[in-house]
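The values are calculated or read from the model by the stated rules, or taken from the named source; none is laboratory data. Keep in mind that this is a model prediction, so the values were computed, not measured. With ideal geometry, Cβ positions are generated from the backbone for all residues, glycine too; neighbour counts draw on all protein chains shown.
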Ligand code: ADP
Ligand code: MG
């Protein structure tokens, strides 16, 4: 490559850096190299498939226009993934990144090249890193699959069944769900199953453990050892990411994530909210998290609750053969303990304890007494008008601004009326207030909508189902 090409490339990178900002630049472009310029096309390379597809999906035009600003004749950008050989040469021309601690930049440490295709397994491994304790009961065998978690389960299974060197299908796998819906169970199942063959190393860490381990390692000057050990890991599993806090922890988390993903290692994450709602994380981390497969686990349906109860009873019976929970009791529990898996587990534990201590069989009466406090009357959740608008817009495939607009086409009018109806029935807002929140409409318009939908749900089964489903989505 000629010097003038290199100079151009530096200028293009400068443009890119100033259009996307320092953070985005460092995250996505710092490791992009110029391979060749040929006639109308520029050939660039990056170290991983993930970076390639991300840049293609999000920044292709930006990159092209930065080139065109330097060389108007360029009409095409080819992006390829560098081979391991190519990777091994230090990318001297890459400007020093803002994060001095980025592992692959630490000078001349042989272990520091995270782009090598196969990282040396580090003997210190799992134990030295102090993976969080695993519960032997939380396996795939005891995980009940239902509508709420089919996709999450399939993705987790895929990760667990992968072999060393297999191409990574999605990275990171990000699973989110509310409390007690099975995130930890699924993550630990992946860890158990993934480690079972002995071929791969799967490390399970809570975000707190990650912070604690890292901070502790920094204090004892063994940050490098920690990173080295991390490099010996095939799959890193991080639970409860919403607890990750602190600027430097985040930076480290980001580097670890990048290093692992770039090296083709799988990362699995669980949190109680989607990446976009992790307010304390910075944009770079969020976009990286959102760049893999993001799966939500829904609230447990009644079938799933029944399945979980049965699986818990079966587990208890392994140690207490005489323990039995009659079908009607299971039905009662599945119907009335609606909130989360932890309460289901708690209910079975109590029945077990009670029947053992008093040497009595489980009956419906006893169950009702024992689990009364778990059957909370659903304290009405405060529902916001924005939530209603968002959920309705999603269900009917219109935008929220359509709902607030003055458009009168049928595909917008009905969803708008449904949303107003829900606002009236699910919140304590007055008609004028609702009118204001729907693009400044008159209270009589709101009243009309409410009456209209009230009348229709009695006759129109489809609409009734839609409204019920919306209510469920909002109340869960
Ligand atoms: P989370 O981490 O999402 O808060 P957990 O994984 O700790 O939830 O689940 C809470 C309890 O519910 C655990 O006892 C777990 O085994 C059980 N549970 C949740 N979902 C399932 C499921 N699909 N199959 C079996 N047990 C489940
Ligand atoms: Mg959990």
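Among the residues of region 203-214, is any at pLDDT below 90, within 16 Å of ligand 1 (Cβ to nearest atom) and within 15 Å of the chain's Cα centre (by Cα)?
yes
If the requirement is being assigned to a loop (DSSP other than H, G, I, E, B), within 13 Å of ligand 2 (Cβ to nearest atom) and over 13 Å from the mean Cα position of the chain (by Cα), which of these qualifies: 179, 168?
179
Among residues belonging to region 189-200 that are crowded, with 22+ Cβ neighbours inside 10 Å and over 16 Å from the mean Cα position of the chain (by Cα), point out the one that is nearest to ligand 1 (Cβ to nearest atom). Break it down into steps so the answer makes sense when it comes.
As a first pass, look at region 189-200 and keep what is crowded, with 22+ Cβ neighbours inside 10 Å: 189-191, 194.
In the following step, the residues that additionally are over 16 Å from the mean Cα position of the chain (by Cα) were identified as 189, 191, 194.
Details: 189: 9, 191: 12, 194: 17 Å.
Among those that are crowded, with 22+ Cβ neighbours inside 10 Å and over 16 Å from the mean Cα position of the chain (by Cα), it is 189.
So, in region 449-462, how many residues would count as being surrounded by fewer than 17 Cβ atoms within 10 Å (Cβ to Cβ) and either closer than 16 Å to residue 404 by Cβ or touching a residue at least 12 places away in the same chain (Cβ under 8 Å) (or both)?
Number of matching residues: 2.
Which one of 329, 392, 371 is surrounded by 14 or more Cβ atoms within 10 Å (Cβ to Cβ), in contact (Cβ under 8 Å) with a residue 40 or more places away in the chain, touching a helix residue (DSSP H, G or I) at 6+ places or on another chain (Cβ under 7 Å) and not assigned by TED's automatic domain parsing to the domain that holds residue 24?
Exactly one of 329, 392, 371 is surrounded by 14 or more Cβ atoms within 10 Å (Cβ to Cβ), in contact (Cβ under 8 Å) with a residue 40 or more places away in the chain, touching a helix residue (DSSP H, G or I) at 6+ places or on another chain (Cβ under 7 Å) and not assigned by TED's automatic domain parsing to the domain that holds residue 24, namely 392.
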